[in-house]
Each structure stands twice: as C-alpha cells, then as structure tokens.
Amino acid sequence: MMRLLDEQLEKLQTDHVDFYLLHAMNASRLEKMRQLDYPSFLKEAVAAGKIRFPSFSFHDNFDAFLELLNDYDWKMCQVQMNVLDGDRQATLEGIRLAGERGIGVVVMEPLRGGKLVNMLPESAKKIMADSGRGWTPAEWSFRWLFNQPEVTVVLSGMNSLQMVEENCRTASEAKAGSMTEADLDVLKQVTGKIREKEKVGCTGCRYCMPCPKNVDIPGIFAAYNRRFSDGSFSGLKDYFMGTTLRKDYTGAANCIRCGKCEARCPQGISIREELVRAKNAFETPIYKVGSKVFRAVM
C-alpha cells in the first residue's frame, strides 16, 4: 500500500494529498483491509506527512457503516445520500453519528443518478411547482442535503454553465435547518410519487459495467423505470434507441446470468432478475429474416 501511495504521489507531482480514501468500502472489503493491517499503513502515511486526512467512500448498509466508523479515527467519509436514500446505505442516522464524531461528510449521488431531476413523474413536478418556492427539482434536492447539519460537501456532476451557477447559488443560500416543515412535506409527497413509479433502484453509477456480454445494464434500467414514471412510449423509445438500434445489440436478451454485475452493484440490486423483467416488458420473441436477427419491441 505504501508503494502504491508513493507511485500515486509521484504521478500527481506532489509530496502529499489532503484526503486519501479507501474506496467503496463495505463489510467484506473492511475485513480484507483488516487482514492487510490498513490502520498501520494509514498511521505511517500520516506520520510521514503523505496523507493529512484518512478517509473512505462507502456502499453498504447502516450496520456495516457503523462498524467502519468504529474501526478507525477517520477524518472524512463519502456516502450516497439524497431524499430517496435517508433510510438506505449509510442512512441519515449514520451521517449524524459521523457528524457527532467530527467526521466530515461528503455526499455523492445527490440527484440519484438524475432520477430526482430528469426522471421525475409529472405529478411530483407539479407538487414542487405548486409549492410557490420557485425552486428547480435539483435545487430542492440540494437544499434538502444542505439542510442536514452534518453534510460538509455535496458532489454534483455539471455539464453547463447554468448548472454551475445554479448550484453555486443554492450552496451559498442553503443553510442547515433552513427548510420549513412545509418544505419537508413537499419532499415527502414527491418521494412518495417517485416510489409509486420506481421499479429498480438503479442510480446509474455503472459499477456493474462493463458487462462481458455487452448488456447496457444502467441504460436498460433507466428505460424500464421511465416506462412507469413517464409512460410506456418514453421507456420504449429509450430502450429501442439505446439497445436495438445500435450496431451491436446491447439489450437484456444478451444476459447469460453470470452474476458478475451483482457482485459489483453498490445498491445490492438483483440485476439478473430485473433484466428478465425488463426484457419481458420490452421484447417479444426474436425473428430471423435471412441473416438478420430482429427483436420486436413492445
């Protein structure tokens, strides 16, 4: 581990890093890291000035998170959190415990892979619009996170200047405890509408990829969820354009049920079973015309 750290510092052209994360920790990886005596490595690296703040990123459940918190004197943790995941993975209770210990909390997946913006049911958008706040769906999500006093940083993927400006404005205005009971009730109603429509809890993180048989797992699940949130045609179009019209078919029928994807999924999704459901929802039997194979899409 020290040799790898030294190589990383050399490539980064620096003599130290501020935050050094043990990546995607869970119960099984914690056990492996214990066998490698990770505390000794971190202690030595900190003493040598190569690492300032030992940290970790996390994907598992509350019990695993608590065990990890108790295992070392961490300075920062990076966890998945959003309005849909308060009772999942590290949980709100988990980040509160981290905050009580002075551990900085960095949030990833604040918009649930875009689900809280791009795939909101129309009924959820109307609830937000009728609130009178004038906030965009992204702003609602970020304000809820900054409402939690333990949250230090919220990570956001942005691809336009408008997004950067909106997120900076939201972060500068939002304060811990600033959301009213009426605001929180709006989000409770919104999450209720989302859960009514959600079929697969995929965040689009792509940890499951690449698939050895070229199945576009995140794309299929996004189309499958959209079939129920935005209507059959929207999901059908996404599935057809994303899998069947490609040069190489990437649909659910390619799955050989090897299970490699499930071993890497942070959400613990039964991917193989859900792919079967998606296939049944979108595809009819295969038809062969000459040398061409066609899959009729419903």
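The values are calculated or read from the model by the stated rules, or taken from the named source; none is laboratory data. The structure presented is a predicted model; accordingly, all values stated were derived computationally and were not measured. Cβ coordinates were reconstructed from backbone atoms using ideal geometry, including for glycine residues, and neighbour counts include every protein chain displayed. Keep in mind that these areas ignore ligands, DNA and RNA; they rest on the heavy atoms of the full protein, side chains included. Shrake-Rupley method; radii C 1.70, N 1.55, O 1.52, S 1.80 Å.
Sequentially through region 222-228, phi angles give Karplus couplings (6.51, -1.76, 1.60; θ = phi - 60°) of 4, 5, 5, 5, 5, 4, 9 Hz, Gly and Pro residues having no value and appearing as x. For region 160-173, putting each phi into the Karplus relation 6.51 cos²θ - 1.76 cosθ + 1.60 with θ = phi - 60° gives couplings of 7, 4, 4, 5, 4, 5, 5, 5, 5, 5, 4, 5, 6, 8 Hz, in residue order, rounded to whole numbers and with x for Gly and Pro. Given a 1.4 Å probe and the protein chains as shown, Thr14 ends up with an accessible area of around 50 Å². The simple Förster model, with R0 at 35 Å and r as the Cβ-Cβ distance, assigns Glu122 and Arg169 a FRET efficiency of 0.85.
With all protein chains in place and a 1.4 Å probe, the accessible surface of the chain carries 52 percent carbon and sulfur.
For Arg133, no residue has an amide H sitting under 5 Å from its own, ignoring neighbours fewer than 5 places away on the same chain, with H placed 1.01 Å from N.
Counted over the chain, the DSSP beta bridges are approximately 25% antiparallel. Remark: the chain carries 53 Å² of accessible area per residue (probe radius 1.4 Å; ligands, DNA and RNA excluded). Note on region 167-271: with charges restricted to the Cβ of Lys and Arg (+1) and Asp and Glu (-1), its dipole about the Cα centre is near 440 debye.
Ordering Trp74, Trp144 by how much accessible area each has at a 1.4 Å probe, largest first, what is the list? The partial results should precede the final answer.
On the way: Trp74 5, Trp144 30 Å².
Sorted descending by solvent-accessible area, the residues read Trp144, Trp74.
Counting only protein heavy atoms and using a 1.4 Å probe, the accessible area of Tyr20 comes to about 40 Å². Coupling constants for region 192-206 follow from the phi torsions by the Karplus curve (6.51 cos²θ - 1.76 cosθ + 1.60, θ = phi - 60°), and in residue order they are x, 5, 5, 5, 4, 9, 5, 10, 10, x, 7, 9, x, 5, 6 Hz; glycine and proline get x.
Placing unit charges on the Cβ atoms of the charged side chains and taking the dipole of the chain about its Cα centre, the candidate lying farthest along the positive direction among Phe62, Cys168, Pro121 is Pro121. Using R0 = 41 Å, the C-beta based FRET efficiency linking Lys237 and Ala48 works out to 0.15.
Considering only protein heavy atoms, with the full assembly of protein chains and a 1.4 angstrom probe, order Val17, Val46 by accessible area, largest first. Could the numbers behind the result be given before it?
On the way: Val17 25, Val46 60 Å².
Sorted by accessible area, descending: Val46, Val17.
Checking Cβ-Cβ separations below 4.7 Å across the chain identifies Cys77, Cys168, Cys202, Cys205, Cys211, Cys255, Cys258, Cys265 as cysteines lacking any candidate disulfide partner.
Put simply, the amide H of Trp74, placed in the peptide plane, has no neighbours under 5 Å, leaving out anything fewer than 5 places away on its chain. Ranking Met25, Met33 from most to least accessible surface, computed with a 1.4 Å probe over the protein chains only, gives Met33, Met25. Projecting the Cα positions of Leu4, Phe41, Asn26 onto the charge dipole of region 1-90 (unit charges on Cβ atoms of Lys, Arg, Asp and Glu, taken about the Cα centre) puts Leu4 furthest along the positive direction. Close amide H contacts of Met25 (hydrogens built in the peptide plane, cut-off under 5 Å, sequence separation of 5 or more or a different chain): Ser57, Phe58, His59.
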